[in-house]
Amino acid sequence: MKPLRRLPCSVFLFSMILATGSASAGEFESIFDGETLRGWNAIDMKYWSVRDGAITGESTAEVPCTSNQFIVWQGGDVRDFEVKLKFRAIDNGCNTGVQFRSKINPDGLAIGYQADIYQSGPYLGGVCDEMHSRKGPELLTANGTKTVIDKAGNRTSTDLDSKAKMKPQGEWNEYHVSAKGHHITLRINGQICSELIDNEEGHFDLEGILGLQLRSGKPMTVQFKDIVLKQL
């Protein structure tokens, strides 16, 4: 399998190779052509395809997913950015996410921030810290919450005025992820659902890959389309 290619941010910004779906600074550009997986790659591609004009991650009883899988955009690392996309789950609930400012281990697991997607509850629209080892839980800020983490890792949370709500299963939902410095803001279906200001030394991430997750467990199908990225 072709290894994941990670371009330095400087090379990425100045190359802007449109054939691989690169995005220039200051404007939203499409990074998925809706027909092929050109510009995207995973360590194990058997879980990924294009269906219904969407990047589709699927596990079945015949092809089970025993560890989390990630397909990664090959246009380079993201730093300060906004990404917008649509997502849905076709069957067996929904447990996935948008991985950002992260790295991929040789075993294929991601380490870093994830804009979580779940059926409901605190994880829907929350920011998780996938596979990092921190003092607190992996959920850094929950649905409907703004959390500030200080340099020592202490967390202070306050309630927001809105929470994320999923549309009925099978319908498309909209995700908007914004990351500027240490400040991350997530919106689902137009509602601000969580904010994170992460200053914890040794744990905050300011740049890394952008990817999509298929979570391990029971058979599942998740889809992502209309993916646009703006580098700030």
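Computed values, structure above
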{"item": "Net charge contributed by nearby residues that have their C-beta within less than 10 Å of F28 (K/R +1, D/E -1)", "result": "-1"}
{"item": "Net charge dipole size for segment 152-232 [Lys, Arg +1 and Asp, Glu -1 on Cβ; Debye, nearest 20]", "result": "420 debye"}
{"item": "Assigned charges on the beta-carbon of Lys, Arg, Asp, Glu; the chain dipole about Cα centre (debye)", "result": "120 debye"}
{"item": "Loop-exposed chymotrypsin sites (Phe, Trp or Tyr not before Pro) per DSSP, neighbour cap 16 Cβ within 10 angstrom, longest uninterrupted part of the chain", "result": "29-171"}
{"item": "21 Å Cα-Cα reach of K146 towards lysines, excluding residues that sit fewer than 8 places from it in its own chain", "result": "K84, K135, K163, K165, K180"}
{"item": "Dipole of the chain, positive end: most advanced residue of N173, Q213, L196 [Cβ charges, Cα centre]", "result": "Q213"}
{"item": "Max mean-square fluctuation residue, GNM over the chain, Cα-Cα springs under 10 Å, options M220, M131, M166", "result": "M131"}
{"item": "Candidates R101, R187, R51: whichever shows maximal mean-square fluctuation once the chain is modelled as a Gaussian network with Cα springs under 10 Å", "result": "R51"}
{"item": "Local electrostatic count at R88 - Lys and Arg +1, Asp and Glu -1, tallied over other residues with Cβ under 10 Å", "result": "+1"}
{"item": "Local net charge near P137, Cβ-Cβ under 15 Å (Lys/Arg +1, Asp/Glu -1)", "result": "-3"}
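Taken together, the values in this text are just the output of simple stated rules run on the coordinates, not laboratory data. Keep in mind that what you see is a predicted model, and the values were worked out from it rather than measured. Backbone-built Cβ (ideal geometry, glycine too); neighbour counts: all protein chains shown.
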